[in-house]
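Each value in this text was obtained by applying a stated rule to the coordinates, not by laboratory testing. This one's a predicted model, so the numbers in the text were calculated from it and none came from an experiment. In this analysis, Cβ positions are derived from the backbone assuming ideal geometry, glycine residues included, and neighbour counts consider all displayed protein chains.
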Amino acid sequence: MCGIAGFLESSPVLPAEELCRMALRMADTLRHRGPDDGGAWADPKVGIALSMRRLAILDLSPAGHQPMHSSSGRYALVFNGEIYNCEDLRRDLLADNAQLSFSGHSDTEVMLAAFERWGIVDAVRQFNGMFAFALWDRSNRTLTLARDRFGEKPLYYGVSQGHFLFASELKALRVHPAFTSDIDRGAIALSLRHNCIPSPYSIYANTRKLPPASMLTVTAENYEGREEQYWSLREVAEAGIANPLQCGADEAIGMLDGLLRDAVKIRMYSDVPLGAFLSGGIDSSVIVGMMQAQSNIPVKTFSIGSTDREYDEASHAARVAAHLHTDHTEFYATPQDAMDIIPQLPHIYDEPFADSSQIPTFLVARLARQKVTVSLSGDGGDEIFGGYNRHTWGGAVWARLAPIPSAIRRLSATAMMALSPQAWDEVFRTAAPLLPGKLRLRMPGYKVHKLARAMGSRDAYEMYYGFVSHWNDPASIVKNAVEPATLLTRANHVSFPNVAEQLMYLDTMTYLPDDILAKIDRATMAVSLEGRVPILDHRVAEFAWRLPLALRVHGQEGKWILRQLLYRYVPRELVERPKTGFGVPLDVWLRGGLRPWAEEYLSEQRLRREGFFHPAPIRRMWKEHLSGRRNWAYHLWDILMFQTWLEDSRRVPDDSFPPEMNLTTARQAT
């Protein structure tokens, strides 16, 4: 696991030493991603420089040092991630070429041999892993960037003042003297809608994110490369739906057991201590169950608890850990523990990012890093196997709404919106004893208003777009902004036979890489912890799309097959409970301990001085929130995360994560 950075100069004039010095300066801003080693290489004839910071996981010897060169000298590589099937690839390469030899056992060396033997595209298609890499081809004078299938590892690139720049994080780009930091107001609008900035956009106008499953090749003479996919989830989904598995449920569960066990097994290869995040939910519990079944020592597991019972999952995780006999550590975070992290969030996430579960995610990563260097997680299960409410009842809701004349739906929506979310919360609270468990929701008033907005939709996709939007018209809040097109605004061109399948596809293409995986990557890397996600093994995803929908979404129950698989490892009663998510009580904090901090960033004077937002609607929301009349916590958090990022972005980038980020005292679970 590493951080990578580098550049191409259009008019090379600097000597190799100067190019390496600049590349190392870029890489040093990524020291948190790779505290164990660093290096740079440059060719002054073409103005290419590659650099990296290394977190040593496999082959801790100098044989794993990067940048690394192929045996023929043709390729130079910097690589962030892990190739989990590298031993299988090594055997295939040796079988193909008896003269081939390896000096170490790093996956980087295997990648280079694969590029030489099979070519770049064919080699990448054989990689099972998470990765972002930059590969310089001396023969063709080309630079190739590539990113893994689901976007577990980040990669930014852009052209600025005659230089082609790339890096794992934006802070590395900002130290290059050619970088121009013009803020993209359209990207601000996107961040308000989605609480993150979706690929391919970034907060800077001249910088893009390389999309998942994509490659980009540029030449020393021409930076106008074209992004090309080497793997397509759409093709996988369409092929799976067209050719579903012809077997019974028990056989399908057994097949998934074998696939996922192997995905877990190959992600347990490590030369450093390894563990897992455990929330006690379906996804993390099945991963830990499979880890423990394949380990001869107790697996180290980690959970974060909350003193707010509504947000606490630690007790559930502890029961699962006790059943599986893991070596379990939990930490009960106080509101102050969580709020102490907030000033560091802009530096960790490096561009506006407002998913508030970023706070507990960072806390559990920091907890795990005290004992391990690698941690597995259950992320991806909701997207791949249909775990969100919109997957389980979105299609059914639209099937009931569609026959109703639109005028009646709009009138009903107006009536539902007449009560504030707080008033609806009180209605649900009063009726709770009469409601079945599935209707006992967290923040029910917020969800009622979401449903009301959906009732005016023209089709199921428009309903979904409303569900995944924070601000419905963010361009009206951001001065001089035009919200750019994204996959979601073009999604009416993507059609599946079933609404649930279409929404799972869209979530996997957008919410998963842009929010969930970005959150995991930045939180873990901030404390030099490698996060691995077995459910996102592409073999598992390809299998899931061949399952009949009823094995994923069974009536109103999502992730049905994953649940049945879990019951082979953990008793049903330990994991069956309403889905709560990984959140924090933002609304309470903003009215309490965070109020002075928020007021500073939301003051009318500051908003006007910085000139990005229209102050009036934000000030109105803030006053309504403080009065308790409305809960605008998530909308305000979007603004606050931009405001704090803006302040942080004006600092000179360096590796300035405070040492105390790694020093939280953990309490051993009892």
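Listing T207, T430 from fewest to most neighbouring C-beta atoms within 10 Å gives T430, T207. Taking other Cβ atoms within 10 Å as a rough exposure proxy, R619, R33, R369, R234 sort from fewest to most as R234, R619, R369, R33. Computed 3J(HN,Hα) for segment 264-279, one whole-Hz value per residue from the Karplus formula 6.51 cos²θ - 1.76 cosθ + 1.60 where θ = phi - 60°, is 5, 4, 6, 8, 9, 5, 6, 9, 10, x, 9, x, 7, 7, 9, 9, glycine and proline marked x. So which aspartates and glutamates pass the test for K479, namely a Cα distance under 16 Å, with those fewer than 8 places away in the same chain ruled out? Leaving aside aspartates and glutamates fewer than 8 places away in the same chain, those within reach of K479 are D182, D184, E604, E610, D638. Taking other Cβ atoms within 10 Å as a rough exposure proxy, T29, T142 sort from fewest to most as T142, T29.
State which entries of K171/K265; K519/K559; K171/K447 exceed 29 angstrom in Cα-Cα distance in the structure shown. Over 29 Å Cα-Cα: K171/K265; K171/K447. Within segment 166-212, the proportion of Cα pairs with more than 17 Å between them is 33 percent. Think of it as helices only: each DSSP H run of n ≥ 4 in the chain is worth -39500 (n - 2.57), and spread over all residues that comes to -12500 deg cm²/dmol at 222 nm.
Rounded to the nearest Hz, the phi-derived 3J(HN,Hα) couplings of segment 604-615 under the Karplus curve 6.51 cos²θ - 1.76 cosθ + 1.60 (θ = phi - 60°) are 4, 4, 5, 4, 5, 5, 7, x, 9, 10, 6, x, where x marks glycine and proline.
Summarising the amide proton neighbourhood of S375: residues at separation of 5 or more, or on other chains, whose placed amide H is nearer than 5 Å comprise G275, E530, G531, R532.
Per residue, the convex hull spanned by the alpha carbons of segment 393-505 comes to 137 Å³. Counting only Cα atoms, the chain measures 74, 62, 51 Å along its principal axes, largest extent leading.
Shown in residue order for segment 287-299 are the 3J(HN,Hα) couplings computed by the Karplus curve 6.51 cos²θ - 1.76 cosθ + 1.60 at θ = phi - 60°: 5, 5, x, 6, 4, 5, 5, 10, 10, 8, 10, x, 6 Hz (x for Gly and Pro).
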